[in-house]
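Student: Structure in structure tokens, see below.
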Amino acid sequence: SHYAVSKAAAEMVVTGLGAESKITTAIVRPGFVMSLGNVGGGAKLRINTLIASAMNESEVEVKLPRRIFLHAASDLAESIVELLVDNRAEGVFHLPGIALSIDEFCESLKNVAGEFGRSPKITMKVDEDLAVPSELDFTRFKTMFGSEPIMDLESMIREAANEVKDSINPQLEGLSSA
């Protein structure tokens, strides 16, 4: 894809300029990122839009690749800060996150929606065209920093669902997650 080519070109430019200037460079290659503040109307993040739909609609179609690699934005930010302050951090890094299947995502989405008194019909459709990482090897990062993902999948979904409950859907006010 054009996106992948532009990313590869940018990495080559950064690496080349770093070597030329004798500046250490570290490149981060994340998978999907979930963050609060990106749910609901006009959301750009597919995952967060699915969570908002599960909180607001009776039917939700989940269209994702068979497997995805997911980061909580807070975990990703902490990992990037660790890279920034460590002078050993050089080269390409895949940061800690969660590898999961579309089935696992749908099951967790259904579980969390149930905690909010919602029971949307969730259908799955595999997106064969979306080229995203399904597994990332973060061994190098883990070896340097000893970090693991902090937030599990249902906690990520629950956090985003709480954001929807608190700011988008007044009908859910008064309900709380378990």
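The values are calculated or read from the model by the stated rules, or taken from the named source; none is laboratory data. Just so we're clear, the structure is a prediction, and the values are computed from it rather than from any experiment. In this analysis, Cβ positions are derived from the backbone assuming ideal geometry, glycine residues included, and neighbour counts consider all displayed protein chains. Please note that ligands, DNA and RNA were not included when accessible areas were found on the heavy atoms of the full protein model with its side chains. Shrake-Rupley method; radii C 1.70, N 1.55, O 1.52, S 1.80 Å.
Yes/no matrix, rows are residues, columns are (1) touching a Gly at 6+ places or on another chain (Cβ under 7 Å); (2) within 26 Å of D137 (Cβ to Cβ); (3) assigned to a helix (DSSP H, G or I); (4) at pLDDT below 90:
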position: V13; (1), (2), (3), (4): no, yes, yes, no
position: G16; (1), (2), (3), (4): no, yes, yes, no
position: E20; (1), (2), (3), (4): no, no, yes, no
position: T49; (1), (2), (3), (4): no, no, yes, yes
position: I68; (1), (2), (3), (4): yes, yes, no, yes
position: A89; (1), (2), (3), (4): no, yes, no, yes
position: V92; (1), (2), (3), (4): no, yes, no, yes
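Student: Now, a different point. For segment 1-28, give me each residue that is open to solvent by less than 60 Å² (accessible area, probe 1.4 Å) and within 24 Å of H71 (Cβ to Cβ).
Tutor: Matches in segment 1-28: A4, A8, A9, A10, E11, T25, A26, I27, V28.
Student: Still on this structure, I have one more. Would you please list the contacts, defined by Cβ atoms under 9 Å and residues six or more apart or on different chains, that run from a residue in segment 117-133 that is within 24 Å of N56 (Cβ to Cβ) and among the small types (G, A, S) to a residue that is open to solvent by less than 100 Å² (accessible area, probe 1.4 Å) and at pLDDT 80 or above?
Tutor: Matching pairs, first to second residue: S119/S58; S119/A113.
Student: From (1) in a loop (DSSP other than H, G, I, E, B); (2) open to solvent by less than 10 Å² (accessible area, probe 1.4 Å); (3) free of Cβ contacts under 8 Å to residues at least 60 places away in the same chain; (4) of a type outside the set (S, T, N, Q), pick out the condition that doesn't hold for A113.
Tutor: Unmet condition: (1).
Student: A follow-up question, please. If we scan segment 92-109, do we find a residue that is open to solvent by 40 Å² or more (accessible area, probe 1.4 Å), farther than 13 Å from P30 by Cβ and hydroxyl-bearing (S, T, Y)?
Tutor: Within segment 92-109, none of the residues are open to solvent by 40 Å² or more (accessible area, probe 1.4 Å), farther than 13 Å from P30 by Cβ and hydroxyl-bearing (S, T, Y).
Student: Please verify whether A72 is touching a strand residue (DSSP E or B) at 6+ places or on another chain (Cβ under 7 Å), small (G, A, S), farther than 15 Å from D127 by Cβ and modelled with pLDDT under 85, treating the condition exactly as stated.
Tutor: Criteria met by A72.
Student: Any idea how many residues of segment 116-125 are under 17 Å from P65 (Cβ atoms) and surrounded by 13 or more Cβ atoms within 10 Å (Cβ to Cβ)?
Tutor: 2
Student: Tell me which residues, restricted to segment 53-66, are assigned to a strand (DSSP E or B) and either over 18 Å from L153 (Cβ atoms) or among the basic types (K, R) (or both).
Tutor: E59, E61, K63, listed by residue number.
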